[in-house]
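Working notes for the structure below.
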Amino acid sequence: MLFNSFHFLIFFPVVTALYFLLPHRFRWALLLAASCYFYMVFRPIYILILLFTIVVDYTAGILIEKAEGRKRKFFLVASIIANVGVLAFFKYYNFLNESLRDVLSFAHLSLPVPPMLEILLPIGLSFHTFQSLSYTIEVYRKKTPPERHFGIFALYVMFYPQLVAGPIERPQNLLWQFHTKHYFDYSRVVAGLQLMLWGLFKKVVIADRLAPFVNTVYNDPHSYQGISLIVATVFFAFQIYCDFSGYSDVALGSAQVMGFKLMKNFDRPYFSKSIAEFWKRWHISLSTWFRDYLYISLGGSRVAIPRWYFNLFFTFLISGLWHGANWTYVIWGGLNGLYLIMEIQWDKLTGGNLFKFEGGTFGFWAVRAGQILFTFSLTCFAWIFFRANNVSDAFYIVTHLFSGLTTLPSDLQSLVFIKMNILMQHDKSEFIIAIVALLVLFVTHWLQRMDSGRNLLANLSTGLRWSFYYAIVIAILFFGAFNESQQFIYFQF
Amino acid sequence: MNHSSSSTSNSEVTAETKKELFDVRRLLKRMALFSVPFVVYVLLIFAVDPFNFLTSSSFVSDDVKRSTAFQLNPCVWKMAEFDKVPKDKILLGDSRMQSLKSEDVKAVANEDFYNFAYGGGTLREVIDTFYFASKRTELKKAIIGINLDTYNDYNITERTKLYPSFKENPTLYFVNKTVLQSAFTSAYSQITKTDMKIGKPNVDKETFWKHELNDVMGGYFQKYVYPVKYKKELEELAKYCKEKNIELAFVIFPTHVDTQNLVKSHHLEKENQQMRTDLSAIAKVYDFDYENEVTTKKENYDDPVHFTKPIQEQIIREILSGQTKIAKTK
């Protein structure tokens, strides 16, 4: 079920009303049933994969706690193999198979290879696999006791707000919340609804409005060059941010309405002044997952410098591969790893002081804006690989990004040029809506530097606050892209 | 001791329940109040129904709706109209085909066609509309207007998805900005008796001529992409017509020589010829678009692509009587 569907518009209030009407002891069952239904709307049969993961990790948790010494590790490894095995089969089988065929063909070898399979990727597989894995790892590390209640554990893996696209929760943060009784609290419910509204705005008004421009160019990049490629890439940067953070906001908001607090997944990432900062503010639940379970396990930064750099690079490569079975994602991950290594190296060479400016407010803000723009440009460059349909398209885009820019000022005098290369033949009203919505996003994020969105709204008079609500609801209803039923980008991961 | 702690716990539960009930009522009251404008809006849509999607009558006349809603989105209007009263003969294409009024067709050729062409219509819309009509009724005849600017893979406008989406989920009709705009303009036009002048250019003929030639047609030709996919879809459409005994024909409308020269200046003569070859391999083609007594005279045109009423009637006569004077048939 999509958060931006009428189906969810009925589902959410019904489940929430039933949740508060039921006695506490039955609520887990309601949420579990609702989560099963939520998931089964996509493809019912794949619920069995979730059941497999749940049974394996529930059992592994209990066995790890009971076992001693090497047996503990054995159960952990068994759980990891089972989880990663499912993920590898559904997500990477065909990718690895195709890569093997390419290598054999390149080497002119004719060896028997397994057949390609028609596999439809279960929605959100990488998310719930990682969430389930974090449980067994945390039990192994003795940071959390195993959950004895099978239903509650199943709910931990399947909790519908974050089931298909995160945030990827840790057992310490979520499991206890299912045991706690949540009361209906007006302020909390309103805060949750506000977050849901804002998330929907980001998804249907910004992300889905930008999508046609991005798709037109990225589905046929060879017909474009220069400014069109730049516009499409910058639009994609905002599309993916609004799509994914919009989903996270609806997830956090809907959980908050019922009294659950999920971890923050985004923190205005495009205001980052460095790549390191960007990764502390982008998809936080995944970044911290990789940090805690892979990067630190590899030795983190407490090793020799070459090994440290390898750890960073390897973690980002795997993060890229986590996103999808395509070399474009691997390159995207590798690029981000390289950025980070270069940034560390640069800081070492300059002592991190080169861009520190202490002479006056204007200079301070100019340097800060420069840092933000530079970081954003690097991020956009990496997004090219993330969005491109294949490596060849990505390289075409990279090599033609600046073509024709010298004549841009005169080209922009022509309406035809604007229609073809900036609007990409789309309606100009669509473009204006997208730009206005982006401005709203920018202003909101700028204001959020000072205070949370919730507090900013609370400080407004009732009239202004309601006007803001009306504006957002009207924008969602009339400028949102409902009829195109756009899926969330991250569902495919 | 037990009794006192149990009564304390009971009173806590009661206090908590009371607070919950108070909070629920507070939220419901505010949400109800917040919803009032939306309820009023829904009632307005029911009352105006700008595309006649919900009912066949409303307080706004069809004439007013034609000058507002129809101008804002002819696809939704025509699909809704056709859905109610389908006809077995249809005309498909863009504004050039749209200019051939059904009444004139009936008067000139005594055939009852539904004009299913849209201003700014694209090949995608033509194909979608054909199948929409075919799904709705058993078609006998379909005439499709195509020129080089529409036989272009780069022309990607697609407005034909909207009406089927309304049919599938009528709620979308209430949250569509074209419906919103149409409802307000229709209601305003009806109440104030104002002609909204939507879609009518507010410039002199010469300025509009230049705009249409350089910006609109120039835009299409500048980014011309040979429509491999659409050619295949048209072939499938022709095959479908053959299976269902639907008579199919194409019309290449006469464009002014200025437009024909624009094709040459964009080095698209080869593509222009290829289009004719492709279409004639699929079905019968009436080709008016070459240098002739119609296309060389500016007085036959409102702008470089849209011909005047006498030429419209001549085209109707030629394509429906079979007696061609200007049209080359293939």
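Straight-line cross-link partners of B:Lys193 among the aspartates and glutamates, defined as a Cα under 14 Å from its Cα and at least 8 positions apart when in the same chain: B:Asp62, B:Asp63. Axis angle, to the nearest 10 degrees, between helix B:123-136 and the longest C-alpha principal axis of chain B: 70 degrees. Once both labels are positioned 7 Å from their Cα atoms along Cα-to-Cβ, the gap between A:Phe20 and A:Gln371 label points is 4.4 nm. For B:Tyr114, nonlocal amide neighbours, meaning residues 5 or more places apart or on other chains whose placed amide H falls under 5 Å from its own, are B:Lys89, B:Ile90, B:Leu91. The value of relative contact order for region A:6-181, using C-alpha pairs under 8 Å at least six residues apart, is 31 percent. The distance between label points at B:Asn110 and B:Phe38 comes to 5.7 nm (points 7 Å beyond Cα on the Cα→Cβ vector).
Label reach from A:Arg148 (point 7 Å along Cα→C-beta): in region A:64-92, amide nitrogens under 18 Å belong to A:64-67. Charged neighbours of A:Lys143, selected by a Cβ distance under 13 Å, balance to 0 (K, R count +1; D, E count -1).
Pairs of Cα atoms nearer than 8 Å and 6+ residues apart set the relative contact order; for chain B it is 18 percent.
Fully extended, how many nm does the chain gain between A:Leu294 and A:Leu456 (0.36 nm per residue separation, minus their Cα-Cα distance)?
Difference between extended and current length: 54.5 nm.
Remark: the A:Arg449-A:Asn219 segment gains 79.2 nm on full extension, using 0.36 nm per residue and subtracting the alpha carbon distance. Computed on chain A, the Cα convex hull volume stands at 191 Å³ per residue. Dipole orientation for the protein assembly as shown: of the candidates B:Gly121, B:Phe132, A:His24, A:His24 has the Cα lying most toward the positive pole (charges on Cβ; Lys, Arg +1; Asp, Glu -1).
Full extension of the chain between A:Tyr186 and A:Lys66 gives 38.9 nm of extra length, using 0.36 nm per residue less the Cα-Cα distance.
Among the listed pairs B:Lys65/B:Lys167; A:Lys202/B:Lys231; B:Lys177/B:Lys229; A:Lys419/B:Lys330, those whose Cα-Cα separation exceeds 28 Å are A:Lys202/B:Lys231; B:Lys177/B:Lys229; A:Lys419/B:Lys330. Each Cα pair under 8 Å and six or more residues apart adds its sequence gap; the mean of these over the residue count of chain A is a relative contact order of 19 percent. Legend: distances between Cα atoms for B:Lys106/B:Lys161; A:Lys203/B:Lys18; B:Lys84/B:Lys270; pairs beyond 32 Å are A:Lys203/B:Lys18; B:Lys84/B:Lys270. Extending 7 Å from the Cα toward the beta-carbon at both A:Val391 and B:Arg25 defines two label points whose distance is 6.8 nm.
Candidate membrane-span-like segments in chain A, meaning DSSP H helices with Cα atoms spread over at least 24 Å of their own axis and a Kyte-Doolittle mean of 1.6 or above, are A:47-66, A:428-447, with no membrane implied.
A simple charge model with +1 on the Cβ of Lys and Arg, -1 on the Cβ of Asp and Glu and nothing else charged puts the dipole of region A:188-492 at about 860 debye relative to its Cα centre.
The angle between the Cα long axis of helix B:309-321 and the main principal axis of chain B comes to about 80°, on a 0 to 90 degree scale. Helix B:177-192 and the longest principal axis of the Cα set of chain B meet at an angle near 90°.
Each value in this text was obtained by applying a stated rule to the coordinates, not by laboratory testing. Not measured: the values here are computed from a predicted model. Virtual Cβ from ideal backbone geometry, glycine too; neighbours counted across all protein chains shown.
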